[in-house]
Amino acid sequence: MKVTVLTGAGISAESGVPTFRDADGLWEGHDVEEVATPEAYAARPDVVHRFYDARRAALATVHPNPAHHALARLEEAIGDDLLVVTQNVDDLHERAGSTRVLHMHGELRSARCEACGARNRWHDDLGHRPPCPRCGAVELRPDVVWFGEIPYGMDRIATAIAGTDLFVSIGTSGAVYPAAGFVQHALRHGATTLELNLARSNGTCLFDDARHGPATELVPAWVDELLGGQGVRRGG
Ligand code: BJW
């Protein structure tokens, strides 16, 4: 059985990473247009760098939670038959032990050079305008995908979803495309679909099954269920 999991900010919420659109969300104090578009970055790079530098620094204070660990446990059990596509720019899946993770909206711990295109592992601030380690140009930006930009890995994601038996969406509001459309892509290709989210999302009615509650409870329970009773075996 092949499983594709889409994760969003809700899976990291109980680790202390703010979501985007909940009441106390990340963007409550920020105008989205001020920080999450290339135009905003061109107009006010200092504001944007401050915002992302603060979020990158905050990663050092958070840890993976039982939902991240459960997905790592699922990968241990079914290996290549699992792909985690995350919209999150944190690295909590990897720190929990997952290796098959595709960051479609980029990563906080990466800096992209607008001159040479290099994607550099990055742990420090960018606001003081360090040079690109690859080409020396002073054109490093957060390696994240803003509105109007093309998410990473779209071909690989489309192929994975087309061949998946089970598509599971965890902790995402379904407010942002193309991720919000993955469930329909999965359904068109005959997959079973499941939503695990704190509350109903914009797309809940599209899923075959939807369970609502905290990810730290729902995800470990679902992984137990899958590995316990459903006959999921590597290559099976
Ligand atoms: C819990 C929980 C707990 C809480 N347990 N659950 C008009 C119509 C349709 C589309 C468009 C349109 N106009 C423009 C577009 C396209 C646009 C778009 O979608 N706009 C919408 C606003 C309508 N999309 C784009 O521009 C994208 N690019 C694109 O489409 O390119 C064209 C193309 C695509 C494909 C192939 C070829 C070409 C780019 C989108 C980039 C999004 N970037 C951001 C910022 C990333 C950097 C950063 O982090 O700062 O990505 S926006 C932000 O939203 C971030 C997130 O990844 C993304 C999704 O948010 P998410 O994860 O769902 O978080 P929330 O807060 O919304 O929801 C959290 C959920 O968790 C809630 O439901 C809670 O209930 C739940 N929750 N606690 C379980 N404990």
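The values are calculated or read from the model by the stated rules, or taken from the named source; none is laboratory data. Keep in mind the model is a prediction, meaning the values are calculated, not measured. No Cβ is skipped: glycine too gets one built from the backbone with ideal geometry, and neighbour counts run over all protein chains shown. Please note that ligands, DNA and RNA were not included when accessible areas were found on the heavy atoms of the full protein model with its side chains. Shrake-Rupley method; radii C 1.70, N 1.55, O 1.52, S 1.80 Å.
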Size of the dipole of the stretch 39-97 about the Cα centre, Lys and Arg at +1 and Asp and Glu at -1 on the beta carbon, nothing else charged, in debye to 20?
-> 360
Shape of the chain from its Cα gyration tensor (a ≥ b ≥ c, root eigenvalues): rounded if a/c is under 1.5, otherwise prolate when a/b > b/c, or oblate?
-> prolate
Please tell me the relative contact order of the chain in percent, rounded to the nearest whole number, where contacts are Cα pairs under 8 Å and at least six residues apart.
-> 24
For n ≥ 4 DSSP H runs only, could you compute -39500 (n - 2.57) per run for the chain, divide by its residues and tell me the 222 nm figure to the nearest 500?
-> -9000 deg cm²/dmol
Solvent exposure of the stretch 63-142 as accessible area per residue, Å², 1.4 Å probe | 41
Surrounding charge for Arg21, neighbours by C-beta under 15 angstrom, Lys/Arg +1, Asp/Glu -1, total -4
Table column - 3J(HN,Hα) (Hz), the stretch 33-41, Karplus curve with 6.51, -1.76, 1.60, x for Gly and Pro | 5, 7, 10, 10, 9, x, 5, 5, 5
If R0 = 22 Å, then Arg119 and Glu39, at their Cβ-Cβ distance, give a FRET efficiency to the nearest 0.05 of 0.50
Counting only protein heavy atoms with a 1.4 Å probe and every protein chain in place, the carbon and sulfur fraction of the accessible surface of the chain in whole percent equals 51
Taking r as the C-beta separation of Ala58 and Thr99 and R0 as 30 Å, the FRET efficiency to the nearest 0.05 is 0.80
Angle between the Cα long axis of helix 215-229 and the longest principal axis of the chain, 0 to 90 degrees, nearest 10?
-> 40
Can you give the net charge of the other residues whose Cβ lies under 14 Å from the Cβ of Cys132, counting K and R as +1 and D and E as -1?
-> +2
Under the Karplus curve 6.51 cos²θ - 1.76 cosθ + 1.60, θ = phi - 60°, whole-Hz ³J(HN,Hα) for the stretch 184-198, x wherever Gly or Pro sits = 5, 4, 5, 4, 4, 9, x, 6, 7, 10, 9, 10, 10, 8, 4
Taking the dipole about the Cα centre of the stretch 22-76, with the C-beta of Lys and Arg at +1 and of Asp and Glu at -1, give me whichever of Tyr41, Ala23, Ala67 is farthest to the positive side.
-> Ala67
Apply the Karplus parameterisation 6.51 cos²θ - 1.76 cosθ + 1.60, with θ equal to phi minus 60°, to every residue of the stretch 64-70 and state each ³J(HN,Hα) to the nearest whole Hz, in sequence, with x for glycine and proline.
-> x, 10, x, 6, 4, 5, 5
Accessible surface, per residue, of the stretch 166-223 when the full set of protein chains is kept, probe 1.4 Å, Å² | 43
Taking the Cα centre of the chain as origin, sum charge times position over the Cβ atoms of Lys and Arg (+1) and Asp and Glu (-1), and report the length of that vector in debye to the nearest 20.
-> 520
To the nearest 10 degrees, how steep is helix 45-58 against the longest Cα principal axis of the chain, on a 0 to 90 scale?
-> 50
Overall form of the stretch 109-161 per C-alpha gyration tensor (a/c, 1.5; a/b vs b/c) | prolate
Output the antiparallel fraction of DSSP beta bridges having both residues in the chain, as a percent to the nearest 5.
-> 25
Cut-off under 5 Å, modelled amide H: who pairs with Thr193 long-range = Phe167, Asp208, Asp209
